[in-house]
Amino acid sequence: MKGTVLYGERDIRFEDRPEPTITKPTDAILRLSATCVCGSDLWPYRGIQAIAQPTPMGHEYCGIVEEVGKEVKSIKRGQFVVGSFATSDNTCVICRHGYQSSCTQREFMSAAQAPYLRVPLADGTLVATSDLPSKELIPDLLAVSDVLGTGWFAADAANVKAGSTVAVVGDGAVGLLGVLSAKQMGAERIIAMSRHAPRQKLAREFGATDIVTERGDEGVARIKELTKGIGADSVLECVGTQQSMMQAIQSIRPGGYVGYVGVPHGVSLNLETMFYSHVHLHGGPAPVRRYLPELMKLVLDGKINPGKVFDLTLPLDQVAEGYRAMDERRAIKTLLRTNGA
């Protein structure tokens with residue numbers, strides 16, 4: 001088969017790769033219905049996160065089970081499944097506390113930008129639908145596998161409650177779905193920080209009540225102005241830079257909650273400043289597996305449409321253009337069609 005490999009800065013290739021096989025009895029092989037490019041893929045693509053060797057890319061996926069290992073019990077051949085970017089047994093003490101992305105057997109998925117994928121720990125990582133979904137639902141279910149689950153965790157970690165005021169830092173796909181998540185959790189006021197008209201429009205559609213275009217100190221001042229000098233109850237940090245993290249922390253009210261899910265790059269914190277602000281700070285790799293059943297049900301029941309963040313759809317063999325479009329901010333998020341769609 002052919003799959004996506006990153007060779008270096010802005011050097012994405014779609015080339016021959018070994019077709020995956022069962023290597024452990026707990027594995028499953030999927031024929032992917034769709035995959036996509038993640039905002040976190042842009043860090044190594046831009047050369048900000050170094051890679052030591054050519055690296056298979058992709059960690060968001062959904063599709064049909066083609067084969068299972070002899071120890072797989074709950075996942076069957078022919079089922080449509082959605083999985084997390086982090087594998088988990090879903091039984092260890094960490095998983096039982098709801099942090100499957102720190103499972104004692106965790107592996108971070110890769111090589112999903114391809115037609116077929118091996119998923120370790122299939123029973124604990126994958127969740128099956130009761131029936132094969134329609135093609136129209138594939139983008140929504142694909143979004144659940146990472147970007148919606150991550151936005152949802154940001155809102156959960158930020159303690160979003162009914163009637164609360166929420167600010168979202170970052171207007172990429174995760175930030176936009178953080179807006180959707182906050183709306184689903186009952187937030188009364190949702191302030192989306194965005195400078196881009198198409199993203200502002202989608203943020204409004206997902207539930208944003210206010211748009212702030214300013215950044216840095218000016219952005220903080222604007223949020224304080226909108227909240228009568230107090231700050232937001234919850235802030236979702238969905239970027240991962242020093243500026244975005246400080247903007248989030250400084251926009252929170254005393255005693256408020258920051259949920260951070262942007263992969264940090266070059267971020268440092270002044271604990272003395274945080275000490276006197278009573279800020280709650282919680283985040284990390286999203287435990288998507290914790291939320292998969294609930295989020296998949298919302299999609300299948302027609303309650304949410306997270307797949308709207310995919311504003312560019314390409315055949316898998318045009319993956320390089322998908323990266324370029326996101327890198328140049330011509331696209332929010334690229335969906336890649338496979339032959340299994």
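The values are calculated or read from the model by the stated rules, or taken from the named source; none is laboratory data. Worth saying up front: this structure is predicted, and the values here are computed from it rather than measured. Ideal geometry is used to build each Cβ from the backbone, glycine not excepted, and the neighbour counts take in all protein chains shown.
The table for this structure:
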quantity: Tally of residues being under 23 Å from Q53 (Cα atoms) and either buried (at least 21 other Cβ atoms within 10 Å of the Cβ) or touching a residue at least 60 places away in the same chain (Cβ under 8 Å) (or both) across segment 7-30; calculated: 9
quantity: Residues (part of a helix (DSSP H, G or I) and among the acidic types (D, E)) located in segment 190-249; calculated: E205, D217, E218, E225
quantity: Residue that is farthest from G259 (Cα to Cα) [pool: residues in segment 190-212 that are surrounded by fewer than 18 Cβ atoms within 10 Å (Cβ to Cβ) and among the basic types (K, R)]; calculated: K201
quantity: Only listed residue being surrounded by fewer than 23 Cβ atoms within 10 Å (Cβ to Cβ) and modelled with pLDDT under 95, chosen from I48, I94; calculated: I48
quantity: Residue within segment 150-169 that is in the same structural domain as V261 (by TED's automatic domain parsing), β-branched (V, I, T), modelled with pLDDT of 95 or more and surrounded by fewer than 22 Cβ atoms within 10 Å (Cβ to Cβ) present; calculated: no
quantity: Unique residue being assigned to a helix (DSSP H, G or I) and in contact (Cβ under 8 Å) with a residue 60 or more places away in the chain when the list is S33, S40; calculated: S40
quantity: Members of segment 265-302 found to be of a type outside the set (A, V, I, L, M, F, W, C), assigned to a loop (DSSP other than H, G, I, E, B), touching a residue at least 12 places away in the same chain (Cβ under 8 Å) and under 21 Å from L148 (Cβ atoms), listed by number; calculated: G284, P285, P287
quantity: Residue under evaluation V119, criteria (1) under 22 Å from V261 (Cβ atoms); (2) surrounded by 22 or more Cβ atoms within 10 Å (Cβ to Cβ); (3) not small (G, A, S), criterion not met; calculated: (1)
quantity: Among the residues listed as L269, L298, the single one being aliphatic (A, V, I, L, M) and surrounded by 18 or more Cβ atoms within 10 Å (Cβ to Cβ); calculated: L298
quantity: Residue that is nearest to the chain's Cα centre (by Cα), among those in segment 301-311 that are surrounded by fewer than 18 Cβ atoms within 10 Å (Cβ to Cβ) and more than 14 Å from G207 (Cβ to Cβ); calculated: D311
quantity: Scope segment 218-264; condition among the acidic types (D, E) and in contact (Cβ under 8 Å) with a residue 24 or more places away in the chain; matching residues; calculated: D233, E237
quantity: Hits in segment 303-324 (condition: part of a helix (DSSP H, G or I), over 22 Å from A197 (Cα atoms) and hydrophobic (A, V, I, L, M, F, W, C)); calculated: L316, V319, A320
